Amino acid sequence: MGTDVIERYVTDLGSRLQGSKKQVRDLLTETRDSLTDATEAHLDRGLTEEEARERAVEEFGPVREIANEYQAELAVAYGTRTLIWLAIVLPLMHMAWEYGRMLLIGPWQDFGAMPPSWYLFIAKANDLSSGIASGVALVALVLGRVLARRYDTKLLAKIGATVAIGAVGVVLLGNISIIVATASVDASRLMQSLPMSIASLISWIVIIRLGLLARRCLSCATIVA
């Protein structure tokens with residue numbers, strides 16, 4: 001029965017947490033070890049084993065409050081990882097795409113007639129979207145480090161998640177806009193060579209993956225009370 005007190009507490013705590021499985025597992029292991037150490041201390045004071053474990057759980061704190069504190073920590077860690085991915089992957093993906101386009105398709109002049117100015121504006125905005133999103137993610141990472149000592153961890157977790165969602169949204173909007181614009185100017189340009197089609201598919205897979213990470217990041221942050 002005594003052993004169940006600690007295990008039930010740890011199990012209940014784990015069911016309330018979202019984030020990296022490894023980090024959740026580490027936090028639960030740390031919790032179990034702390035409860036075990038507290039139990040041993042109470043045993044040395046003359047309590048029975050069952051009483052010692054119950055006292056250790058009681059002193060550790062209500063599971064809801066502890067879960068809230070742990071979740072804030074998990075949300076910040078998940079948000080940091082997501083922002084790092086955004087800051088690194090987006091510019092690399094854009095550079096790889098541009099290199100492939102110039103190598104396999106060529107500059108705009110090679111299409112024959114120069115596209116209209118509004119199309120070039122959208123194309124330029126799409127080119128900038130990855131850099132802007134990456135820059136915002138990088139700034140958020142730096143500011144998060146600086147402000148971590150001054151502001152509540154829960155607030156920083158939610159801000160980081162919002163930035164991640166916004167960054168992915170900007171990139172997604174840019175890609176959709178250039179596809180719609182290209183279809184309006186000349187739908188045949190959407191028919192690409194096999195290498196560029198593969199590159200496009202990879203780009204969309206990366207964007208979707210980053211979007212899922214950002215959504216997971218937001219989910220981890222918004223369940224923090």
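With respect to V63, determine if the residue is at pLDDT 90 or above and closer than 30 Å to A161 by Cβ. For V63, the condition - at pLDDT 90 or above and closer than 30 Å to A161 by Cβ - is met.
A quick yes/no check of all residues on (1) at pLDDT 85 or above; (2) over 20 Å from L201 (Cα atoms); (3) touching a helix residue (DSSP H, G or I) at 6+ places or on another chain (Cβ under 8 Å):
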{"position": "S130", "(1), (2), (3)": "yes, no, yes"}
{"position": "L138", "(1), (2), (3)": "yes, yes, yes"}
{"position": "K154", "(1), (2), (3)": "no, yes, yes"}
{"position": "G160", "(1), (2), (3)": "no, yes, yes"}
{"position": "L172", "(1), (2), (3)": "yes, no, yes"}
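There is at least one residue in the range 87-108 that is of a type in the set (V, I, T) and touching a Leu at 6+ places or on another chain (Cβ under 8 Å). Where helices (runs of 4 or more DSSP H) fall entirely within the range 1-65, those with at least 3 residues that are touching a residue at least 24 places away in the same chain (Cβ under 8 Å), outside the structural domain of L218 (by TED's automatic domain parsing) and within 22 Å of G79 (Cβ to Cβ) are at 21-44.
Screening L83 on (1) touching a Leu at 6+ places or on another chain (Cβ under 6 Å); (2) under 11 Å from C220 (Cβ atoms); (3) not small (G, A, S) shows it passes everything except condition (2).
The single condition from (1) farther than 25 Å from V139 by Cβ; (2) surrounded by fewer than 19 Cβ atoms within 10 Å (Cβ to Cβ) that L92 fails is (1).
Scanning the range 172-225 for residues that are of a type in the set (S, T, Y) and either in a helix (DSSP H, G or I) or surrounded by 16 or more Cβ atoms within 10 Å (Cβ to Cβ) (or both) turns up S177, T182, S184, S188, S197, S200, S203, S219, T222. Consider Y99 carefully, then state whether it is modelled with pLDDT under 95, in a helix (DSSP H, G or I), among the aromatic types (F, W, Y) and more than 30 Å from T182 (Cβ to Cβ). Against the criterion (modelled with pLDDT under 95, in a helix (DSSP H, G or I), among the aromatic types (F, W, Y) and more than 30 Å from T182 (Cβ to Cβ)), Y99 does not qualify.
Number of residues in the range 45-65 that are within 34 Å of the chain's Cα centre (by Cα) and on the phi > 0 side of the Ramachandran plot: the value is 1.
The values are calculated or read from the model by the stated rules, or taken from the named source; none is laboratory data. Computed from a predicted structure; not experimentally measured. Reconstructed Cβ throughout: ideal geometry from the backbone, glycine too, with neighbour counts over all protein chains shown.
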